[in-house]
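The values are calculated or read from the model by the stated rules, or taken from the named source; none is laboratory data. Everything quoted here is computed from the prediction, not taken from an experiment. Methodologically, a virtual Cβ is constructed for each residue, glycine included, from the backbone with ideal geometry; neighbour enumeration extends over all protein chains shown. To get the accessible areas, we keep the full protein, side chains included, count just its heavy atoms, and leave off ligands, DNA and RNA. Shrake-Rupley method; radii C 1.70, N 1.55, O 1.52, S 1.80 Å.
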Amino acid sequence: MISFDFEYYRPASIQEAIELFQRLEGEGKQPIYYSGGTEIITLGRLDLVVTKAVIDIKGIPECRVLQYEEDYLALGGGLSLTEIEEANLFPLLSKTASEVADHTARNKITVGGNICGQIFYREAVLPFLLTDSQVITAGLNGLRTEPINTVFNQHLQLEKGEFLVLLLTEKDYLDMPHISIKIRQQWDTGYPLATIAAIKKEEQVRVAFSGVCPFPFRSKEIEEELNNKQLSLDERVNRAIRLLPEPILDDVEGSAEYRKFVIKTTLVDIITGLEGDEHAII
């Protein structure tokens with residue numbers, strides 16, 4: 001049970017949401033943008049999140065977009081993971097999203113909420129990192145559009161009062177060979193030892209990771225090692241493992257050394273699958 005009371009607001013436009021945030025912040029109510037709400041409930045029960053006001057952005061039309069716009073697929077930050085999975089316009093995202101929590105939770109967890117959340121897995125960001133997607137955010141200074149690989153560094157770099165509105169992904173990326181693997185030690189919906197997503201673009205494999213460190217990431221240096229075909233596959237993977245950012249998680253799900261072992265075997269499977277089959281989809 002949450003130990004604090006809060007006011008609930010559901011703005012109908014971006015401008016209304018921004019003005020609400022500004023007013024509530026001025027009143028000392030520590031407002032939080034809300035789309036799915038699962039994390040507020042989870043962390044609120046632990047007193048890790050406290051607020052006197054939540055601003056639900058699901059009533060904002062731009063946050064509910066699910067359509068093609070010229071050369072891009074546009075996905076609103078207020079879409080649930082279930083909606084994205086069922087539409088299946090971005091198969092790698094659908095596959096990755098389908099393994100977040102359980103179906104009941106995915107009905108409420110939104111793509112924006114997952115990407116911007118405090119719980120460090122945030123698997124939904126991996127496909128966007130791999131496809132050089134653009135993010136559109138809204139804040140006190142209006143709308144801004146930035147490459148996600150510029151504004152996502154361990155977490156999405158949002159200014160105070162800013163929220164994620166849309167994600168734009170070039171259509172050409174949507175049908176590229178891809179793999180997404182979530183490795184668990186315990187049950188089907190438990191927290192992962194690691195999640196690794198990958199695509200193949202112009203004979204080059206790209207990889208992004210979640211559950212390895214206390215943040216999701218994509219590393220160009222790791223990709224360079226994995227694509228160095230002058231070396232054996234084992235050597236490529238071994239060199240890539242040495243470039244994993246610290247700290248490697250060491251928790252109840254698995255030790256750091258065990259995680260490295262799991263990542264190594266999974267990367268071998270991913271590289272083998274993508275290099276051996278142009279249409280690999282796992």
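Mind listing whichever residues of the stretch 1-42 are under 21 Å from Val111 (Cβ atoms), of a type outside the set (A, V, I, L, M) and at pLDDT below 90?
Of everything in the stretch 1-42, those that are under 21 Å from Val111 (Cβ atoms), of a type outside the set (A, V, I, L, M) and at pLDDT below 90 turn out to be Tyr34, Ser35, Gly36, Gly37, Thr38, Glu39, Thr42.
Looking at Thr145 and the list (1) out of contact with any His (no Cβ under 8 Å at 6 or more places or on another chain); (2) in contact (Cβ under 8 Å) with a residue 24 or more places away in the chain, which single condition is not satisfied?
For Thr145, the failing item is (2).
Among (1) free of Cβ contacts under 8 Å to residues at least 12 places away in the same chain; (2) open to solvent by less than 50 Å² (accessible area, probe 1.4 Å), where does Glu253 come up short?
Condition not satisfied by Glu253: (1).
Please list, ordered by residue number, the helices (runs of 4 or more DSSP H) wholly in the stretch 74-142 having 1 or more residues that are of a type outside the set (Ser, Thr, Tyr), open to solvent by 10 Å² or more (accessible area, probe 1.4 Å) and in contact (Cβ under 8 Å) with a residue 60 or more places away in the chain. Write out each step before concluding.
Values: elements: 81-87, 91-97, 103-106, 111-116, 125-130.
Of the helices (runs of 4 or more DSSP H) lying wholly inside the stretch 74-142, those with at least 1 residues that are of a type outside the set (Ser, Thr, Tyr), open to solvent by 10 Å² or more (accessible area, probe 1.4 Å) and in contact (Cβ under 8 Å) with a residue 60 or more places away in the chain span 91-97, 103-106, 111-116.
Kindly indicate the residue of the stretch 104-130 that is within 21 Å of Cys213 (Cα to Cα) and among the polar types (S, T, N, Q) and also nearest to the chain's Cα centre (by Cα) among those meeting that condition.
Going through the stretch 104-130, the residues within 21 Å of Cys213 (Cα to Cα) turn out to be 111-130.
In the following step, the residues that additionally are among the polar types (S, T, N, Q) were identified as 114, 118.
On the way: Asn114: 6, Gln118: 11 Å.
Only one residue tops the list, namely Asn114.
Please specify each residue of the stretch 202-249 satisfying the condition of being of a type in the set (Gly, Ala, Ser) and either modelled with pLDDT under 95 or within 24 Å of the chain's Cα centre (by Cα) (or both). Please lay out each step first, then the result.
Step one: of the stretch 202-249, the residues of a type in the set (Gly, Ala, Ser) are 208, 210-211, 219, 232, 240.
Matches in the stretch 202-249: Ala208, Ser210, Gly211, Ser219, Ala240.
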